Structure formats: C-alpha cells, structure tokens
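A.B. asks: Here it is: the structure, laid out below.
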Amino acid sequence: MKDVLWDLAAVFGPLSFGTIGGGSSAIADIHYQVVEVHSWLDETQFVEAFAVSRLAPGPGSLFVALLGWEIAGLPGALVATLALFLPTALMMYGVAAIWSRYRGATFLNAMELGLRPIAAGLILAAVFVLLQSLNGGWAARGLAFVSAAVLMRTRINPILLILSGAGLFLIYDTVLA
C-alpha cells in the first residue's frame with residue numbers, strides 16, 4: 001500500500017505543474033499515467049470516475065480524489081488530491097507576488113498570450129482522450145459532439161442534455177441492439 005501511495009504522489013505531483021488552463025488540461029496526462037502506465041484503472045473505470053466527478057456537486061477537482069479512492073481508498077484520495085494541488089498552490093503564492101509587483105509589464109503580457117494556446121491545446125487533448133475512451137462507439141461520440149454544439153449555441157440546461165442522452169441510449173440498447 002505504501003508503494004502505491006508513493007506512486008500516486010510521484011504521478012500527481014509533477015502533473016500539478018502542467019495544469020495550465022485549469023485541471024481539465026491535465027486529463028490526458030492523468031489518463032496516460034493511471035490507465036496506460038500503471039494500469040490502476042481500465043478505460044471504463046476512468047471515464048466513469050470522470051463522469052461522476054462532473055455530475056457531482058462541488059469542484060471538478062473531485063475527479064482526482066475519486067481516482068485516488070479507486071486506486072487506494074481514502075489514503076489514495078488524500079495523497080492524490082494533495083499531490084496535485086499542494087505544489088501548484090505553493091508555486092502560485094510566489095507567482096502572485098511577482099505578478100502583482102510587475103503588473104502590466106511587457107513580459108507578463110507576452111507570457112499570458114503565449115500560455116493561452118498551450119492551455120487550449122491541453123484541454124483539446126483531454127477531450128480527445130475522453131472521446132477515445134467512450135464505450136458507446138460512434139453513437140456516443142456523435143452525441144458528445146451534438147451536445148457540445150447545443151451547449152455552445154443555446155442556454156439549455158445541461159441536465160436536459162444528460163437525460164436526453166440517457167434516453168437515446170436506452171432506446172438504442174433496447175430497440176436497435
């Protein structure tokens with residue numbers, strides 16, 4: 001058990017510094033480590049943990065705690081969460097002091113502009129990994145794209161989309177499969 005906890009810290013600690021654009025930007029790397037490198041979870045377990053973390057009330061960081069829980073119970077949840085957030089929190093404390101001192105400086109503006117495409121690319125990588133992991137095949141991927149388009153174009157409640165998707169897959173399972 002100690003080895004797994006050390007491994008969790010060794011995986012999530014460095015990932016802490018790669019969360020440019022928010023925690024979602026590290027999902028592709030988390031998937032790679034948790035599913036492919038260490039084989040702690042399979043594709044289905046990973047996607048289910050992601051889905052539960054997004055549906056549950058509270059911060060999206062619940063995802064890391066759920067992964068840690070699945071891998072090593074409560075100690076795993078604590079280690080994974082602390083390893084992902086503590087290094088970044090400490091670093092941000094130092095960065096905030098520098099940022100406030102040099103606010104408006106050319107090099108800070110250039111850094112902000114340069115980090116935006118990196119953050120966007122990391123988030124797109126997370127979307128790609130999650131879409132590949134869907135067990136529903138092309139139907140699930142199509143539904144994900146349609147849902148994203150509807151959310152971007154309308155003000156529909158996401159719960160309605162979730163219920164609609166569940167209904168469509170129930171029909172698909174009972175009638176077409």
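No lab work stands behind these numbers, since they all come straight from the coordinates. These numbers come from a predicted model, not from an experiment. Using ideal geometry, Cβ is built from the backbone for each residue, glycine included, and neighbour counts are taken over all protein chains shown.
A.B. asks: Would you tally the net charge around residue 109, using a Cβ to Cβ cut-off of less than 12 Å, leaving residue 109 out, and scoring K and R as +1, D and E as -1? Can you show the working numbers first?
C.D. replies: Working: positive: 103, 116; negative: 112.
Taking every other residue near residue 109 into account, the sum is +1.
A.B. asks: Counting other Cβ atoms within 10 Å of each Cβ, which trypsin sites (Lys or Arg not before Pro) in region 104-177 have at most 13 and sit in a DSSP loop?
C.D. replies: Sites meeting the loop and neighbour criteria: 155.
A.B. asks: Report the calculated FRET efficiency for residue 98 and residue 1 (r = Cβ-Cβ distance, R0 = 41 Å), to the nearest 0.05.
C.D. replies: Plugging the Cβ-Cβ distance into 1/(1 + (r/R0)^6) gives 0.55.
A.B. asks: Could you tell me the relative contact order of the chain? Use alpha-carbon pairs under 8 Å, at least six residues apart, and round to a whole percent.
C.D. replies: 28
A.B. asks: Compute the whole-percent fraction of alpha carbon pairs in the chain spaced more than 23 Å apart.
C.D. replies: 50
A.B. asks: Sticking with this one: If the chain between residue 174 and residue 36 were fully stretched, how many nm would it gain, using 0.36 nm times the residue separation less the Cα-Cα distance? Provide the component values of the computation, followed by the final result.
C.D. replies: Values: separation 138, 0.36 × 138 = 49.68 nm, distance 3.29 nm.
46.4 nm is the gain from fully extending residue 174 to residue 36.
A.B. asks: Using a cut-off of 12 Å between beta-carbons, work out the net charge of the residues near residue 133 (Lys and Arg +1, Asp and Glu -1, residue 133 not included).
C.D. replies: Net charge around residue 133: -3.
A.B. asks: Another question, then. Would you tally the net charge around residue 80, using a Cβ to Cβ cut-off of less than 12 Å, leaving residue 80 out, and scoring K and R as +1, D and E as -1?
C.D. replies: -2
A.B. asks: Under Stokes-Einstein, with the Kirkwood radius over Cα pairs standing in for Rh, what whole-number D in µm²/s applies to region 50-95 at 25 °C and 0.890 mPa s? The partial results should precede the final answer.
C.D. replies: Working: Rh = 11.1 Å.
Here the translational diffusion coefficient equals 222 µm²/s.
A.B. asks: Does anyone have the angle between helix 2-15 and the longest principal axis of the chain? Alpha-carbon axes, 0 to 90°, nearest 10?
C.D. replies: Tilt relative to the chain: about 80 degrees.
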